[in-house]
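> Before anything else, here's the structure in question.
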Amino acid sequence: MGNYLLKRTLHLVPTLLGISLISFFLMQLAPGGPIDQMADLNPRVTPEVKARIQKDLGLDQPILVQYGRWLKRIVLFDFGISLKDNRPVIRKIGERLPATLLLNILSIGLALLLAIPIGFFAAIKPRSLFDRLTTVFVFVGFSVPTYAVALLAMIMFGLKLGWLPISGLSSMSWQPLPWWTKGWDIAKHLLLPTLVLGLTSLAGLSRYMRSSMLEVIHQDFIRAAEAEGLGYWRIYGVHALRNALIPMVTLFGLMLPDLIGGGVIIETIFAYPGMGRLGYEAIMTRDYNLIMAVTVISGGLTVMGNFLADLLYAYVDPRIRYR
Amino acid sequence: MKDKHDIPSPAERGRGCRVRARWFIVVCALIPTFSRFTAGEGEYGDAYVDASIGDASLLNPVLLSDSASGDIAGLVFNGLVKYDKNIQLVGDLAESWEISKGGLVITFHLRKGIRWHDGQSFTADDVLFTYEKLRDPKVHTPYSSDFEDVASVTAPDAYTVRVTYRKRFAPGLASWGMGIVPKHIYGNGDFNTHPANRAPIGTGPYRFKEWKTDQYILLEANPDYFEGKPYIQRYVYRIIPDSSVQFLEMRNQSIDSITLTPDQYKAYDAIFEHHQRFRYPSFKYVYFGFNLKNDLFKDSRIRRALAYAIDRQSMVNGIVLGLGQSITGPFPVTSWAYNTAVEPLPYDPVKAKALLAECGWKPDSNGHLMKGGKPFSFTLMTNQGNKVRQLCSEVIQQQLKKIGIDVTVRIIEWSTFIHQYIDKKNFEAIVMGWQLGRDPDNYMMWHSSQQKEGQYNFCGYENPQVDRWLVEARETFELKERQALYHKVHAQIAGDLPYIFLYCPDELVAIHKRFRGPEVAPLGLAWNFREWWAPKGEQRYRIEMQP
Amino acid sequence: MLRIYLERFKQNRLAMIGFAVIVVLAVLAVLAPWLCPKDPLSQNLIARLQTPSQAYWMGTDDLGRDVFSRLLLGTRTSLSVGFVAVGIELLIGVSLGLCAGFLGGKLDTIVMRLVDIMLSIPTIFLILAVLAFLGPNIYNVMVIIGLTSWPGLTRLVRGECLSIREREYIQAARTAGISTSRILFVHLLPNVIAPILVSATLGVAGAILTESALSFLGLGVQPPDPSWGNILAIGRDYLHIAWWLSLFPTLAILITVLSFNLLGEGLRDVLDPRT
C-alpha cells in the first residue's frame, strides 16, 4: 500500500505541471493584450497609459519569463490579482468555491439518490418495462439543453405557480428572522438549480450503475450465493449492490470537471455565485490571472479528487494495488 | 443607473467617453424648484431593487471603468460639479465657482459642513488628494488624460480649491464631476488595491452597506445627506447575468427596475401590470463610416450618393422598432451641441444613382455599377458580439445591392478588429458606434491631428475649418458661443459625410409603479432618484432599523 | 456473427427508433437547401415574430425569417458539428489509444499523462477560451469540440488494446513478423471497433448539446447561419412573446440527441453482451 501511495503521489507532479502549462499557454491565443478590454477606443486612455499599465503588470516581458514567474508564484498559491477589481484572485475563487461545492454536492447527492435505485432495478430485470421507461426518462432529461429546462422550470415554479424564487441565493429581506426561516429561504433558492444540474448527471450515473450492477450479477460469487440458497434480497440488495457501488467511487473524480463546467450555464442562468460563472466571465473580460487560476485550481481539485477516489478504491478493492 | 454593461461582449458596452459621462446619470437635482416633489411630501422607507447583467468591480470613482461600478459610485460619491436635468453644469460639492484669467483658472468654493459617511468633515484636502491620485502614474486610472492640461491645484483655505490650467480647456470644468474620494481613508496603503475600493466611504445620498460578490450590492439612505435624506431607505443592486431571467424577475416583481430591449418594451401591456415603461434618447449613436484614404470613398459625392441610397428611417423601424431617432451629425440628439437646423438627406435611390453616374459609375447589363471595367464593391466590417451592428451591416448590404453595389459583410472578433483593422486603417468601411459624454467635446474623433495608430480619427477626416472650430470650442467657456461652434462643426461634418450617421437608439426602462417621482429629462431618468418615494401602503419591503 | 448482432439490434425497439430518426435527419440535412419552403436567410422586418400559420409553419424569428426553413438548414449545421467533431475525436482518440495500448512503454506513459491532464481541466473553459479568443464560427466550434473530447476515447481504446494485445493470435502475428502498423489496423482495430462505435454515437449527441450550450453563451455557430443552438438562443430573448422560437428548436435538439443516445445505448447492449 505504501508503495502504491508513493507511486500515485509522484504521478501528481507531471499532471499538475501539464495543467499549469495548458492554462498558461491558452492565454497566449488571445489576440491583443489583457488591457484591451478596458482601454480600447476609450478616448480617455492614451497609448502611453496603456503602455504604463502593461509594464506594471509585467506583460512586457518575454513569454517564458512570464510563465516561469507565474509558476513560481502559483506554487505558493499566489495567483496574482484580478484585472477586473484588483483583488487577489485566490480570494475571489475562495469566495465561490464553497457555493459551487454546495450546489454540486447537493445535485450529485440528488442524482445518486435517484440513479442508484433506477440502475439497480433496471439491472435486476434488464429490458423490462421499468428498464425501458427509466432509460427513456433519464435520456430525455439528458437530451434537453440545460438552459431550456432551467427557463421552463423558472416559468413554471417561479412565475406561474409562485412556489419557488426564480434566481439568486437568498431573498431580499431585512427583518430579524430566526435561522430556520433563513435556511428555508436558501433551500428554496437552491432547489431549482440543484434539480436541473442533477438531471444532467442522472443519465450517466444511472446507466453506469446499471452496467456495473449487471456486471456483478453475472459474476461467480453471485451465482454461488444463489446456489447456496441465500435469500433474494440478501443476494441482490446487499452483496451485489455493495459490489456494484465500488466502481462508482472512481466516477466522482471524472465528474468533477464536468460539474464545474456545467456550472457555467446553470450558475449564469440562476444568478448563482459559483466557479463556473466566475471562469466564464473571466474569459469574456480576458481577466488573465483569473482565467489561469480557475483552470489550474479546478484542474488541481480534479486531480486531488481522482487521487482520493483511487486511494479509496484501492482501500475497498485491494486487487487494484497489484495491477 | 440604467446603462448596464454586458460582460459577454465588451463591444456591446458603449465606447467612447462613456465613463466620465456616467457620473452624472444618477445624481439628483440640486435646485428644488426643478422637482415636482419638495421635501416633506414623500414618504420614507421601502427598498428599490435594481438589476444588472454584470457585477461592479471597483467602487472607487478614480479607478472604475465599468458601468456597474459607475452606477453604485454615482450614488455613494459626489463630484465638485454635476449636470442638472437639462445637462447644465451646476454645483455639487462646490457651492459655486469662478473662472478667471481668461479661463485659465477655476476657483471652486466648497460647501461647508459636508461629512463623509464615517463622520469626518469634507475639505479641500480631499479634493487635492483625489487630484494627486488622478495624476499619480502608479494609480491605474483611465481618467488621467482629463487632467493633463492642469498646471496646478491648490487650496488657499479648507473650503476653496484653485485649479490652474496650462491652456484654456472648457471641457475641463465638467471633468471636476469626478467623484471625490476621502483622503483620511485612502491616505495609507496602496490606492489600487485598497480595501475601501470594496467598501467605499463617500459623501453621496446613499451609504455603502454590503457587497455579496456576484449576488448584490446594498446601499442605505444617508440621513445626513447635504440635500436631505433620500426617501427610499435601501437601494439594492442585484446581479442577474441573463437578461431573459431579469425579465422573469421583473414579471415576478422581484426587481423594481430593468433595462428593456425594443421587443420587450413593445410586448403586450399585461406583462407590465406592475411596472411603468419609460423611454428617452441615449447618448450613443450608430454610424456607417468610411476610410477616407481609400480611393473608392475619397470623393464626397460618392459618400453622399451612398447616403441617399440608405433608408435610415426604415432602419430605425426595423432594427430598434422605431424606438430611436435618425441623426444627421456627430452629436447625440439630446445634446445642446446637436444642430437641429441640419436637414437630413432624404432616401432617394434615383438621386444616388445619378450622383454615382456623375462620378463615372454606370450600371452594366446586370445592374452592377462599373467604372473602367471594375465593379463597385467593398467590404463592410463590424465587430463580433454586437447584434445591432451586424443587423445594420446586413441592412446596408441589402439596400446598396438595390443600386448595384456589391457589399461583403465581415464580422471580426473585437480585439483583432481594433488592432489589425481599425488601428492600422486596414478597412474600407465599417459599422460602429460611439457612446458619448455629456460634454460634447469630440476633438479626439474629428481633429486631423488624431489619426495616429490607436487614436480615434481612424477614418482620416481632415478639414482645417473643423480643426479650428474644435480647438476654439475647447477654449470657449461661454455656453452660447461654444454651442454656435459645435453647430458649425455639426453642419460641416454632415456635409462632408466622413460617416453616414445612422441613428441614436432610445434607452428603454421599466420601473415599478409604486415609485413616485421618475421623470424623463434630457439627462435621462434617474437624475432625481433621491426624491423618488413609495407610499407607505404600497411599500414592499419592511426594513427594521437597527438602533 | 454480424447476423446475430443485427437480430439482437432489431429486437431493441428504442435503438431502432433512434436509428430511424437519425436516418431521416441525415436525409433532411443533405437535402435541406432544396427542401426549405422559404429562404432561411432572407429577412423580412415587416413579418417579424409571426405566429405559426399556413405561410410560416413554425412562425418567424426576430428578423422575419422562416423558422421552419432555418431549423431544416440548422439540421445540417448541427449534424455537421456533431459528425466533424466526433471525426476529429476519433482520429486523435483512436490513433493515440491504439499506439499507447499496443506499443506501451514511454509512449504509453506520455499519452496517459496527457489524458489525465486533459480529463482534469474542465473542458468547457478550454472551449470557451479558444472561441472567445479566436472568434466563434462553425469551423472553430467543430474543431475545438473535437480537440477537447478525445481523452476519454483514448483511455477506452487503450484499455481494450491492453486486453487484446496479450491474446494468442496477436502474439502469433507478432512472431510471424507482420509489421506493427498491419497488426494495428488489420488485427487490433476491428476488435476494438464496438466500443468505439458506441462512444462515437454518444459523442455526436454530446457535441450537438455542447454547440447549443455555446450558442447560449454567444460563442456557438454565429448567425445568420442557423444552428439549432443559435435559434434557441435567440428564442430566449422572446420567451414571453414568441413561444415558437424556443419550443421548436428545443424539440429538434431533444429528439436528435435522444435518438443518438438511444442508438448508442442500443449498440452497447448489442455489441457488449456483458452489460
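We did not get these values from a lab; they are worked out from the coordinates using the rules stated. Just so it is clear, the structure is predicted and the values come from calculations on it, not from any experiment. In this analysis, Cβ positions are derived from the backbone assuming ideal geometry, glycine residues included, and neighbour counts consider all displayed protein chains.
> Sorting check: for A:296-303, C:214-221, which peptide has the highest mean count of neighbouring beta carbons within 10 Å, and how do the rest follow? Don't skip to the answer; put the middle values down first.
On the way: A:296-303: 23.6, C:214-221: 25.2.
Ranked from most to least packed, the peptides come out as C:214-221, A:296-303.
> Work out from phi, with θ = phi - 60° and the Karplus expression 6.51 cos²θ - 1.76 cosθ + 1.60, the ³J(HN,Hα) of each residue of segment B:337-346, listed in order in whole Hz, and give x for Gly and Pro.
Per residue, the Karplus-derived 3J(HN,Hα) values read 7, 5, 9, 6, 6, 6, 7, x, 6, x Hz.
> Over all residues in A:169-178, what is the mean tally of Cβ atoms on other chains that come within 10 Å of each residue's Cβ? Before the final figure, lay out each step's value.
Working: counts 4, 3, 1, 11, 4, 13, 4, 2, 0, 0.
Mean partner shielding for this stretch: 4.
> How big is the antiparallel share of DSSP beta bridges in segment B:353-440, given as a percent to the nearest 5? Intermediate values should be presented prior to the final figure.
Details: 4 of 13 bridges.
Restricted to segment B:353-440, the bridges split so that about 30 percent are antiparallel.
> Then there's this: With point charges of +1 on the Cβ of Lys and Arg and -1 on the Cβ of Asp and Glu, referenced to the Cα centre of chain B, which listed residue (B:Gly70, B:Phe477, B:Leu93) lies farthest in the positive direction of the dipole?
B:Phe477
> With θ set to phi - 60°, apply the Karplus curve 6.51 cos²θ - 1.76 cosθ + 1.60 along segment A:275-287 and write out the HN-Hα couplings as whole Hz, x wherever there is a Gly or Pro.
In residue order, the calculated couplings are 5, x, 5, 4, x, 4, 5, 5, 5, 5, 9, 6, 7 Hz.
> Please give, to one decimal in nm, the separation of the simple spin-label points placed at C:Val186 and A:Phe121, each 7 Å out from Cα toward the Cβ.
Using points 7 Å along Cα→Cβ, the separation is 5.3 nm.
> What do you get for the angle between helix B:349-358 and the principal long axis of chain B? Use alpha-carbon atoms, 0 to 90 degrees, nearest ten.
Value to nearest ten degrees: 60.
> Modelling each spin label as a point 7 Å along the Cα-to-Cβ direction, I'd like the C:Glu7/B:His368 distance in nm, to one decimal.
About 6.5 nm separates the two model spin labels.
> Let me ask you something else. Quick check: residue separation of A:Met304 and A:Lys7 times 0.36 nm, minus the Cα distance between them. What number comes out in nm?
On the way: separation 297, 0.36 × 297 = 106.92 nm, distance 1.44 nm.
Length gained, A:Met304 through A:Lys7: 105.5 nm.
> Using Cα pairs under 8 angstrom and six or more residues apart, how large is the relative contact order of segment B:360-455, in percent?
Values: 119 pairs, mean separation 26.7, N = 96.
Answer for segment B:360-455 is 28 percent.
> Moving on. Order these by the 10 Å Cβ neighbour count, fewest first: C:Cys161, C:Cys36.
Working: C:Cys161 24, C:Cys36 17.
Least to most surrounded, the residues fall as C:Cys36, C:Cys161.
> If you count, for each residue, the other Cβ atoms within 10 Å and average over each peptide, how do C:52-65, A:149-162 line up from highest to lowest?
On the way: C:52-65: 18.6, A:149-162: 17.1.
Highest-to-lowest ranking by the protection proxy: C:52-65, A:149-162.
> Further question: Ordered by packing density, taken as the mean number of other Cβ atoms within 10 Å over each peptide's residues, highest first, how do B:454-464, B:263-273 rank?
Those peptides, ordered most packed to least, come out B:454-464, B:263-273.
> In addition: May I ask for the distance between the Cα centers of segment C:27-56 and segment B:465-540, given as a whole number of Å?
Their Cα centres are 42 Å away from one another.
> Arrange B:Thr141, B:Thr408, B:Thr213, B:Thr328 by Cβ neighbour counts within 10 Å, fewest through most, would you? Please report the intermediate quantities before stating the final value.
Details: B:Thr141 27, B:Thr408 12, B:Thr213 18, B:Thr328 23.
So the residues, fewest neighbours to most, are B:Thr408, B:Thr213, B:Thr328, B:Thr141.
> Please list, in chain and number order, the residues 5+ apart from B:Gln276 or on another chain whose amide H is under 5 Å from its amide H, with Hs placed from the backbone.
B:Ile511, B:His512, B:Lys513
> Compute the Rg/Rh shape ratio of the protein assembly as shown: radius of gyration over Kirkwood radius, all on alpha-carbon atoms.
On the way: Rg = 32.2 Å, Rh = 32.4 Å.
Reported Rg/Rh, Kirkwood definition of Rh: 0.99.
> Let me ask something else about it. Quick one: putting +1 on the C-beta of Lys and Arg, -1 on the C-beta of Asp and Glu, what dipole do you get for chain A around its Cα centre, in Debye to the nearest 20?
Numbers: 30 positive and 20 negative charges, 51 e Å.
The calculation lands at about 240 debye.
> Now a separate question. Can you list residues from other chains, or at least 5 along the same chain, whose modelled amide H is less than 5 Å from the amide H of B:Glu507?
The list, which skips near neighbours in sequence, is B:Tyr280, B:Ser282.
> Starting at 0 and stepping by 5 Å, how many percent of the alpha carbon pairs of segment C:1-118 end up in each bin?
2, 10, 11, 11, 11, 12, 11, 10, 8, 7, 5, 3, 1, 0
> Can you give me the Cα centroid spacing of segment B:401-430 and segment B:172-249 in angstrom?
40 Å
> Pairs of Cα atoms under 8 Å, at least six residues apart: use those to get the relative contact order of chain C, whole percent. Don't jump to the answer; show the numbers that get you there.
Numbers: 409 pairs, mean separation 69.9, N = 275.
Normalised by residue count, the contact order of chain C is 25 percent.
> Over chain B, what is the relative contact order in percent, taking alpha-carbon pairs closer than 8 angstrom and at least six residues apart? Before the final figure, lay out the partial values.
Details: 1149 pairs, mean separation 121.5, N = 547.
Computed value for chain B: 22 percent relative contact order.
> Using +1 on the beta carbon of Lys and Arg, -1 on that of Asp and Glu, and nothing else charged, what's the dipole of segment B:232-310 about the Cα centre, debye to 20?
520 debye
> Using θ = phi - 60° and the Karplus form 6.51 cos²θ - 1.76 cosθ + 1.60, what ³J(HN,Hα) does each residue of segment A:109-121 get, whole Hz, x for Gly and Pro?
Computed from phi, the couplings for segment A:109-121 are x, 5, 4, 5, 4, 8, 5, 5, x, 4, x, 4, 5 Hz.
> Over what distance in Å are the Cα centres of segment B:312-359 and segment B:47-121 separated?
When both Cα centres are located, 36 Å separates them.
> Can you tell me the length gained on complete extension of the stretch C:Trp57 to C:Leu45, counting 0.36 nm per residue apart and subtracting the Cα distance?
On the way: separation 12, 0.36 × 12 = 4.32 nm, distance 1.78 nm.
In short, 2.5 nm is gained.
> In addition: With a ≥ b ≥ c the root eigenvalues of the C-alpha gyration tensor of segment C:29-72, is it rounded (a/c under 1.5), prolate (a/b larger than b/c) or oblate? Write down the numbers at each step before the final one.
Numbers: a/c = 2.48, a/b = 1.67, b/c = 1.49.
Taking the square roots of the gyration eigenvalues as a ≥ b ≥ c, segment C:29-72 is prolate.
> Based on the alpha carbons, how large is the Rg to Rh ratio for chain A when Rh follows Kirkwood?
Working: Rg = 24.3 Å, Rh = 23.0 Å.
Ratio of gyration radius to Kirkwood radius for chain A: 1.05.
> Moving to a separate point now. Between the helical axis of A:248-269 and the dominant principal axis of chain A, each derived from Cα atoms, what acute angle in degrees is found, rounded to the nearest 10?
With rounding to tens, the tilt is 50 degrees.
> Something else about it: Label points 7 Å out from Cα along the Cβ direction at A:Asp78 and A:Leu102: separation in nm?
3.2 nm
> In terms of modelled amide H atoms, which long-range or inter-chain residues lie less than 5 Å from the amide H of B:Thr379?
Answer set, sorted by chain and number: B:Thr408, B:Glu428, B:Ala429.
> Counting only DSSP beta bridges with both residues in chain B, what percent are antiparallel, rounded to the nearest 5? List each step's numbers first, then the result.
Numbers: 61 of 78 bridges.
So the antiparallel bridges amount to about 80 percent of the total.
> Here's a follow-up. Let me know the charge dipole size of the protein assembly as shown about its Cα centre in debye, to the nearest 20, where only the beta-carbon of Lys, Arg (+1) and Asp, Glu (-1) is charged. Kindly include the intermediate steps, with their values, before the conclusion.
On the way: 116 positive and 100 negative charges, 319 e Å.
Its charge dipole is roughly 1540 debye.
> Within 10 Å of each Cβ in B:413-422, how many Cβ atoms from other chains are there, averaged over the peptide? Display every interim value, and only then the final one.
Working: counts 10, 9, 11, 5, 4, 5, 5, 2, 0, 2.
Taking all residues of B:413-422 together, the mean is 5.
> Still on this model: Looking only at the protein assembly as shown, where both bridge partners belong to it, what percent of the DSSP beta bridges are antiparallel (to the nearest 5)? Walk me through the numbers on the way to the answer.
Details: 63 of 81 bridges.
Antiparallel bridges: around 80 percent, rounded to the nearest 5.
> What do you get for the angle between helix B:464-475 and the principal long axis of chain B? Use alpha-carbon atoms, 0 to 90 degrees, nearest ten.
10 degrees
> Can you find, among B:Ala170, B:Asn192, B:Ile114, the residue farthest towards the positive end of the dipole of segment B:68-203? Put +1 on the C-beta of Lys and Arg, -1 on that of Asp and Glu.
Result: B:Ala170, furthest along the dipole toward the positive end.
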